[in-house]
Amino acid sequence: MSRLRLGYGTNGLTDLRLEDALALLADLGYDGVGLTLDHMHLDPFAPDLAARTARTARRLAELGLGVTVETGARYVLDPRRKHGPTLLDADADARGARVRLLVRAVRIAAELGAHAVHCFSGILPDGVDEDTAWKRLGEALGPVLDAAEASGVPLAIEPEPGHLLGTLADFHRLRADLGDPDPALLGLTLDIGHCQCLEPQSPADCVREAAPWLRHVQIEDMRRGVHEHLPFGDGEIDFPPVLDALAATGYQGLTVVELPRHSHAGPELAAQSLRFLRNGGTR
């Protein structure tokens, strides 16, 4: 079984400068970072983006940190609408703004040497039927997948509770709608907490089912039916079988701790989380 490469998400370290967050993770012994493109860290719309991306790439290399680029910033596009606009919006220009962000994220990821770009579908807009939404999603992802293929960085879409693409079954529907693209081009972000929250099988079984398409993994604790990211030990997940299942897949990407509402205690939780995971998921 392979050793898991562990990371921590910068969306759980938003009170730290990016340089300080990267140094913290390296000092703690993490293998990498889930880097959310956002205004407080690597702003994808900053006028000096190219220079900042190059500096970040050098620093990641100096620290020996791998990276996944995440695109779940709450207000990076619309300062008044969380995660808006999405790939499903009725307005084509709004959908286009999300597409352009994702294409830009792919290019940034290539410059950073990232192993994947994370994304999500968005929630079903009011007044839009599901068939229309699925069609919009497939069409919107076309240019992003073209960019991913050109850059050699896979897209890893995440089933998100409450979104159109909310489950593993929905992921497979998308792949079927797109003609079953190469998993090296369109893969999966599997969030272990989301599996506990709403999938019919156990998180460990979800890992085994998802193994051929895994391109990014997020991990935290969670309770059944409640979409709340929790520190390890505060939810219901039995982690040793999950970690064993991940290791057995041979997955070589990052497994990133995802605690976006705990930045106030980010450094402490980063240390605690690494100890927990390195101890096999037991306290």
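Across all C-alpha atoms in the stretch 211-279, the radius of gyration and Dmax reach 12.4, 36 Å. What the phi angles of the stretch 70-80 give under the Karplus curve with 6.51, -1.76 and 1.60, with θ = phi - 60°, is a coupling list of 10, 10, x, 4, 6, 10, 5, 9, 10, x, 10 Hz, glycine and proline written as x. Plainly put, the chain has a radius of gyration that is 0.93 times its Kirkwood radius, both from alpha-carbon atoms, as the Rg/Rh ratio. Less than 5 angstrom separates the built amide H of residue 187 from those of 155, 156, 157, all sequence-distant by 5 or more or on a different chain.
Surface composition of the chain: carbon and sulfur atoms hold 48% of the protein heavy-atom accessible area at a 1.4 Å probe. Once you list every other residue whose beta carbon is under 14 Å from the beta carbon of residue 107, what net charge do they have if Lys and Arg are +1 and Asp and Glu are -1? That sum, taken over residues with Cβ under 14 Å, equals 0. The Rg/Rh ratio for the stretch 25-78 is 0.99, where Rg is the radius of gyration of the alpha carbons and Rh is the Kirkwood radius.
State which stretch of the chain is the longest one without any exposed chymotrypsin sites (Phe, Trp or Tyr not before Pro), exposure meaning a DSSP loop state and at most 13 other Cβ atoms within 10 Å.
Here the longest segment lacking exposed loop sites spans 76-283.
Per-residue 3J(HN,Hα) values for the stretch 204-215, derived from phi via the Karplus relation 6.51 cos²θ - 1.76 cosθ + 1.60 with θ = phi - 60°, read 5, 5, 4, 4, 5, 5, 7, 3, x, 10, 5, 10 Hz in sequence order (x marks Gly and Pro). Only DSSP H runs of four or more residues enter the estimate; each adds -39500 (n - 2.57), and after division by the residues of the chain the mean residue ellipticity at 222 nm equals -13000 deg cm²/dmol.
The H on the amide N of residue 218, modeled in the peptide plane, is under 5 Å from the matching H of 190, 191, 192, 256, each at least 5 residues off or on a different chain.
When you restrict to C-alpha pairs under 8 Å that are six or more residues apart and normalise by the size of the chain, the relative contact order lands at 21 percent. Amide H contacts of residue 9 (H built 1.01 Å from N, in plane; Pro and chain starts excluded): 34, 257, 259 sit under 5 Å, all sequence-distant by 5 or more or on other chains. Taken per residue, the accessible surface of the chain reaches 41 Å², heavy atoms only and a 1.4 Å probe.
The 3J(HN,Hα) values that the Karplus relation (6.51, -1.76, 1.60; θ = phi - 60°) gives for the stretch 218-226 are, in residue order, 10, 9, 5, 8, 6, 10, 4, x, 10 Hz. Gly and Pro appear as x.
The values are calculated or read from the model by the stated rules, or taken from the named source; none is laboratory data. Here the structure is a predicted model, which is why all the values come from computation and not from measurement. Methodologically, a virtual Cβ is constructed for each residue, glycine included, from the backbone with ideal geometry; neighbour enumeration extends over all protein chains shown. Surface accessibility is based on the protein's heavy atoms, side chains included, excluding ligands, DNA and RNA. Shrake-Rupley method; radii C 1.70, N 1.55, O 1.52, S 1.80 Å.
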